1. For a Förster distance of 35 Å, can you work out the FRET efficiency between the beta-carbons of residue 48 and residue 141, rounded to the nearest 0.05?
2. At 222 nm, what value in deg cm²/dmol follows for the chain if DSSP H runs of at least 4 each add -39500 (n - 2.57) and the sum is divided by all its residues, to the nearest 500?
3. Select from 50, 89, 97 the residue whose mean-square fluctuation is largest in a Gaussian network model of the chain (Cα-Cα springs shorter than 10 Å).
4. Using a 7 Å offset from the Cα along the Cα-to-Cβ direction at both residue 24 and residue 104, what is the distance between the two label points in nm, to one decimal?
5. Through the Karplus equation 6.51 cos²θ - 1.76 cosθ + 1.60, θ set to phi - 60°, convert the phi angles of region 20-35 into ³J(HN,Hα) values in whole Hz; use x for Gly and Pro.
6. What is the projected area of the convex hull of the Cα atoms of the chain, averaged over all directions, in nm²?
7. Report the extension gain between residue 175 and residue 188 in nm, rounded to one decimal, defined as 0.36 nm multiplied by the number of residues separating them, less their alpha carbon distance.
8. Apply the Karplus parameterisation 6.51 cos²θ - 1.76 cosθ + 1.60, with θ equal to phi minus 60°, to every residue of region 106-112 and state each ³J(HN,Hα) to the nearest whole Hz, in sequence, with x for glycine and proline.
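What follows draws every value from the coordinates through simple rules; no lab data is involved. Bear in mind that the values here come from a model prediction, so they are computed numbers and not experimental data. Note that each Cβ is placed from the backbone with ideal geometry, even for glycine, and that neighbours are counted across all protein chains shown.
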Amino acid sequence: MKLEQEELKTELDLEKIKEKLGEKRYLHSLSVLNSALNLAHRFNLNLEKVKKAALLHDIAKNKEKDELLTIIKNSNWILDDLELSIIPVLHAPAGAVIAQKEFNIDDDEILEAIRYHTLGHPKMGNLAKIIYAADFIAEDRSFAGLDEIRSKIEKNFEFGLYLITSHIIKYQLNQNNFIHPYSNDLRNKLLKRSD
Ligand SMILES: [Fe+2]
Ligand SMILES: [Fe+2]
């Protein structure tokens, strides 16, 4: 991975993030940071915001179900019963709470990007889209079809995003998992646009 010193310059306390994530997840977050910075130029995004969202997106990932649910219950985020029942996605809203409380993030776009990085959301903004996509195409991932998605997203970001959402939904269908309406609505919206 080619992260320059400049790209790692941030107001965030990297040691504190590393401590919370552990080595492997910290490296994953750096991969997501790298992908996110590569995508960010499309939208003229504030790079410090991209860095904060990327580095903190999985900040709650090491927490157990009960703690995640307690964090969410004591926050202002509203989750429906279906989302609350899908345990692997809960680190996203819980992560937004931790980013705010423990890393003093008050920027709504950063918090939204962390909160929706698992399910996606039809109304998510450009920063959230970048983090959602960067998490999926990050260098530390490899599976059949990923290289094709990486090259598609280079050429047409919205179409690449559509492919990512479709891939995630197909995977969940194969696993007999629930499909949350946020993911389905996001895919429908992207499909309408990519005709
Ligand atoms: Fe995550
Ligand atoms: Fe992630």
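1. On the way: r = 25 Å, r/R0 = 0.72.
Efficiency computed from Cβ-Cβ geometry: 0.90.
2. Details: 10 runs with 125 residues, N = 195.
Calculated mean residue ellipticity at 222 nm is -20000 deg cm²/dmol.
3. Maximum among the listed residues: 89.
4. About 3.3 nm separates the two model spin labels.
5. My calculation for region 20-35 gives 6, 8, x, 4, 5, 6, 5, 4, 4, 5, 5, 5, 5, 4, 4, 5 Hz in order.
6. Details: hull surface 42.9 nm².
Its average projected convex-hull area is 10.7 nm².
7. Numbers: separation 13, 0.36 × 13 = 4.68 nm, distance 2.09 nm.
Fully extending the segment from residue 175 to residue 188 adds 2.6 nm.
8. 10, 7, 4, 5, 5, 5, 5
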